[in-house]
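Enquirer: The following block contains the structure, expressed as structure tokens.
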Amino acid sequence: MRKTTKELFGEIKERIIVDLEENEVICEHCNGLKMKYVESNGKGHVEYCNKCHNGKMRVCKHCGKLNSTSYCGCRGEWSEKEYIRFSKAKKISYYDYDGKILMSERACDVSDIEDYLYDLIKNDENYPEYWWATEKDNFSLSVDLYDQINNNEFVDSDWFDLDNEWDDRLTQAQDLIDRWAHDKAFDTYTETWKIAIDLKPLIKKIKEES
Ligand SMILES: [Zn+2]
Ligand SMILES: [Zn+2]
């Protein structure tokens, strides 16, 4: 006998066994199915549950709140260290910051955070209200040929007395290395706790638009 979607959902709900880790509970909205059966105006349909992560919720070990991500945002989780860092940091508006930020350890444009925040807000999830700025560094290789020669522990310092011709060639070689290093140099970004980017103006804009 064929069963209705509603009946099937009821049965699966009864039978499903979800493996739970410590600090996890089954999502009360979908019972761990990640899909839920919804009825409106006498018609039923299946909907994707956007309240949970794979049918599970994480219990914050600090405040006990249920979250779909491992990020809670409560004061307890926001460790004392982070709190101190943040209070000492200079705050700069999202719209005034033109550097890069790190997201999942990758350097991104600060505008990339807009989509990320939009998704969190749209899905009713916790979102950060600030983000750390980065400092830019330039990585380039530096090789000093003279230094290499003069600081060689295996030979006496007068062993490598250069005549003019070799001195010239060495200078040229050094010049080549310097140009190569300059060409191959690239920017690196490290998070700095000196500046916190205030995301509230952006959050306000996203909420107004959605
Ligand atoms: Zn769910
Ligand atoms: Zn919490």
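Rule-based calculations on the coordinates, nothing more; no lab input. These numbers were taken from a predicted model, which means no experiment stands behind them. When we count neighbours, we look across all protein chains shown, and the Cβ atoms used for this are built from the backbone with ideal geometry, even at glycine.
Enquirer: Just to confirm my understanding: which cysteines in the chain have no other cysteine beta carbon less than 4.7 Å from their beta carbon?
Expert: Cysteines of the chain left without a disulfide-compatible partner: CYS108.
Enquirer: Would you grab the residues whose amide H sits under 5 Å from the one on LYS100? Only those 5+ places off in sequence or on another chain, please, with H modelled 1.01 Å from N.
Expert: THR134
Enquirer: Per residue of segment 105-110, in order, report the coupling 6.51 cos²θ - 1.76 cosθ + 1.60 (Karplus, θ = phi - 60°) as ³J(HN,Hα) in whole Hz, putting x for Gly and Pro.
Expert: 6, 10, 6, 10, 5, 4
Enquirer: Here is a follow-up. For segment 19-48, run through the GluC sites (Glu not before Pro) and keep only the ones in DSSP coil with at most 12 other Cβ atoms within 10 Å of their Cβ.
Expert: Values: sites: GLU21, GLU22, GLU24, GLU28, GLU39, GLU47; in loops: GLU21, GLU22, GLU28.
Those satisfying the criteria are GLU21, GLU22, GLU28.
Enquirer: For TYR130, what residues show an amide H to amide H distance below 5 Å, using hydrogens built from the backbone and excluding near sequence neighbours?
Expert: LEU199
Enquirer: Quick one: which of LYS136/LYS184; LYS90/LYS184; LYS61/LYS122; LYS61/LYS136; LYS91/LYS207 span more than 27 angstrom between C-alpha atoms? Show your work: numbers first, answer last.
Expert: Values: LYS136/LYS184 16 Å; LYS90/LYS184 33 Å; LYS61/LYS122 25 Å; LYS61/LYS136 36 Å; LYS91/LYS207 21 Å.
Violating the 27 Å Cα-Cα cut-off are LYS90/LYS184; LYS61/LYS136.
Enquirer: SER93 to TRP193: extension gain in nm, 0.36 nm per residue of separation minus the Cα-Cα distance? Display every interim value, and only then the final one.
Expert: Details: separation 100, 0.36 × 100 = 36.00 nm, distance 1.50 nm.
In short, 34.5 nm is gained.
Enquirer: When all alpha-carbon pairs of the chain are counted, what percent fall beyond 27 Å? All intermediate terms of the calculation are to be shown ahead of the outcome.
Expert: Details: 13124 of 21945 pairs.
Percent of Cα pairs beyond 27 Å in the chain: 60.
Enquirer: Arrange the following residues from fewest to most other Cβ atoms within 10 Å of their Cβ: LEU170, LEU141.
Expert: On the way: LEU170 15, LEU141 11.
Least crowded to most crowded, the residues run LEU141, LEU170.
Enquirer: All other residues with a Cβ under 11 Å from the Cβ of TYR127 taken together, and with Lys, Arg as +1 and Asp, Glu as -1, what is their net charge? Before the final figure, lay out the partial values.
Expert: Working: positive: LYS122, LYS200, LYS207; negative: ASP119, ASP124, GLU125, GLU129.
It works out to a net charge of -1.
Enquirer: Going by how many other Cβ atoms sit within 10 Å of their own, how do THR190, THR134 line up, fewest first?
Expert: Ascending number of Cβ neighbours within 10 Å: THR190, THR134.
Enquirer: OK, next. Give the order of LEU20, LEU66 when sorted by the count of other beta carbons within 10 angstrom, beginning with the fewest. Walk me through the numbers before you get to the answer.
Expert: Working: LEU20 13, LEU66 16.
By the 10 Å Cβ count, ascending, the order reads LEU20, LEU66.
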